[in-house]
Structure formats: C-alpha cells, structure tokens
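Student: First, the structure itself, so that you have it in front of you.
The values are calculated or read from the model by the stated rules, or taken from the named source; none is laboratory data. The structure presented is a predicted model; accordingly, all values stated were derived computationally and were not measured. Positions of Cβ are backbone-derived with ideal geometry, glycine not excepted, and every protein chain shown enters the neighbour counts. The accessibility values were calculated without ligands, DNA or RNA, using every heavy atom of the protein model including side chains. Shrake-Rupley method; radii C 1.70, N 1.55, O 1.52, S 1.80 Å.
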Amino acid sequence: MNRAFSRKKDKTWMHTPEALSKHYIPYNAKFLGSTEVEQPKGTEVVRDAVRKLKFARHIKKSEGQKIPKVELQISIYGVKILEPKTKEVQHNCQLHRISFCADDKTDKRIFTFICKDSESNKHLCYVFDSEKCAEEITLTIGQAFDLAYRKFLESGGKDVETRKQIAGLQKRIQDLETENMELKNKVQDLENQLRITHVSTPPAGSVTPKSPSTDIFDMIPFSPVSHQSSIPTHNGMQPPPVPSRSNEIKRDLFGAEPFDPFNCGAGDFPPDIQSKLDEMQRQRWRGSKWD
C-alpha cells in the first residue's frame, strides 16, 4: 500500500463537484469484508488487514463460497455499501468517520479504507477487490474529502454539524424502517394464527352432535329408560308402540288367558272331573278358614 488521499490545491480531479455534492458516483466491486484494526491509519495497518481478509476469503472460496459483489456510492457525505440488486444498504460509512484510504500498488485490484464504527467506536478496515477501478475509486474518495473540506471552510464548520445531524436522522429512519418491517411481519403472523383458529374452532354456543355409541355388532345398546322418540326409525317408519301395562287380564305370549281351574264355570268339564274340582274347592275353603 503506497497511496493515501491528500489535499492538494492544484490537484485535478476526475469528477465534477456537483456530481459528488448533489449526487453520488457509483462503482461495482467485490467485498472481501471488514476487520477491526488497532490504529485509525497507516500503511502497515491496512496491509495486515488485507492479508488477514485475503486468507479468510481463500478458505471460504475453497468451501465453494463466492466473493459477494457490492455497489459503492461515493459522495461528500460518505461511502455507502449496497447490495447491487435490491439496493439494500449494508454499511453506511460517513465521510467524517473515514480516517484513511489507500490502494495497493502490488495488487492493483485491491483498495481499502478505515472507518470508525458509530456504535462500537472501533476502527474497521474495509477491503474491496476491483479489477479495473481500484485506483479510480481511491481517487474519488479523495475528491469527496477535498470537496467536503472546502465546504467546511466556507460554512465555518456549520456544514459538518449539519451533515452529522442529517446522517443521524438517516440512520434513525433506517432503524425505524427495519422496526416497521418487523412489526408488519409479526402482525401478519398473528393474522394467520387467528385465521387458522377461526377455521378450526366452532362458533360459540353451537353443540357438535354426537352419534350414539354402538356395540361390537354396530347396534345401539338397549336402555329401558329411553324414550320412545329417541328410537331411530327404520326406512323412514316409526316402530310400533310398546304396549302399556294395566290391570287387565294377563295373557301369555300366544295371546291366551292363563288357565285357572277354580275360575272355570260349571259345565266346562265332565261331571266326574267337575265333582273332584268342587271337592278341591271345598277343602281349599276349609283350609283358608282355619288359618
């Protein structure tokens, strides 16, 4: 590493001031990653970081992982690292937090910069691989610093504070958008759970009819206390009613009245049998009298 950006009054930059102050300059590169460093600047510091990240990337490549591609957006407000397709911001390195930037003359595809993390206050070295634009990207970051420094002098230092406030608001907006997306996902999950519960649970007050239990022959067990109306019909017809019990003369299962020799009328039997029945009736009367 033998290049670091510097402010020279007679330096000729490759971009117009408006392109960096009102818009941004985009570049595509491969992101090897970031690692913590002990110092905010220095050639040896970034060289060790590059060596460390190259070795880690070589291990991942041997495992079949590819180096992720990113889009860099460079302006006087900082360097944004985005996912190329979704444009999702992965890192937002504010310019006033970048302390060192350099490209490697021994490996012209590599360039780095050191930025102080806004949350942990640690110095992180970001390393990129760009086959054709490594030196140009480094110079573009240097031009952004030069323009930001001139605006700082013109505004008497107020512009820096304004940019800090804007950067803080942008970070707050990004956090709120992330939180809003998480809340939307939770609401969607709750709606799905309520929809499933509504489908599986019967309405309040409704009773699920229970089919009568049957025996091993698929017959409904007999219950002497069951009401006649509870007996199912057969082929749409109601079974005959059960005869009620009364004090009438009982009959046997063939419909005949039970035989009672003492209640039979005279002349129902031959004379000899009738005389014997009369004698039995008298003996029965005497026995009941003496009891």
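Student: Keeping all protein chains in place, calculate the accessible area per residue for the stretch 48-109 (probe 1.4 angstrom), answer in Å².
Tutor: Here the residues of the stretch 48-109 average 61 Å² of exposed surface.
Student: Once phi is turned into θ = phi - 60°, what whole-Hz ³J(HN,Hα) does the Karplus curve with 6.51, -1.76 and 1.60 give for every residue of the stretch 148-155, x standing for Gly and Pro?
Tutor: Each residue's phi maps through the Karplus curve to give 5, 5, 5, 5, 5, 5, 5, 8 Hz.
Student: What list of ³J(HN,Hα) values in whole Hz, one per residue of the stretch 104-115 in order, does the Karplus curve 6.51 cos²θ - 1.76 cosθ + 1.60 (θ = phi - 60°) give from phi, with Gly and Pro shown as x?
Tutor: Residue by residue, the stretch 104-115 yields 9, 6, 7, 9, 5, 8, 9, 9, 9, 8, 10, 9 Hz.
Student: To the nearest 0.05, what FRET efficiency results for Glu135 and Ser155 with a Förster distance of 35 Å applied to their C-beta separation?
Tutor: With R0 = 35 Å, the Cβ-Cβ based efficiency is 0.70.
Student: Going by amide H atoms built from the backbone, whose H comes under 5 Å of the H on Asn28, apart from near neighbours?
Tutor: Answer set, sorted by chain and number: Leu72.
Student: By its C-alpha gyration tensor, with a ≥ b ≥ c as the square roots of the eigenvalues, how is the stretch 74-127 shaped: rounded for a/c under 1.5, else prolate for a/b larger than b/c, else oblate?
Tutor: Judged from the Cα gyration tensor, the stretch 74-127 comes out oblate (a/c at least 1.5, b/c at or above a/b).
Student: Starting from the Cα of Glu179, step 7 Å along the direction of its Cβ; do the same at Ile196; then give the gap between the two resulting points in nm.
Tutor: 2.9 nm
Student: Ranked highest first by average number of other Cβ atoms within 10 Å, how do 21-33, 130-142 line up?
Tutor: Final packing ranking: 130-142, 21-33.
Student: How many nm separate the modelled label positions at Lys41 and Met14, each set 7 Å beyond the Cα in the direction of the Cβ?
Tutor: 2.3 nm
Student: When the accessible area of the stretch 54-143 is split by element with a 1.4 Å probe, what percent falls to carbon and sulfur?
Tutor: Roughly 47 percent of what the probe reaches on the stretch 54-143 is carbon or sulfur.
Student: To continue, here is another question. Lys and Arg at +1, Asp and Glu at -1: add these up for the other residues within a Cβ distance under 10 Å of Lys122 and post the number.
Tutor: Numbers: positive: Lys116; negative: Glu36, Glu38, Asp117, Glu119.
So the surrounding residues net to -3.
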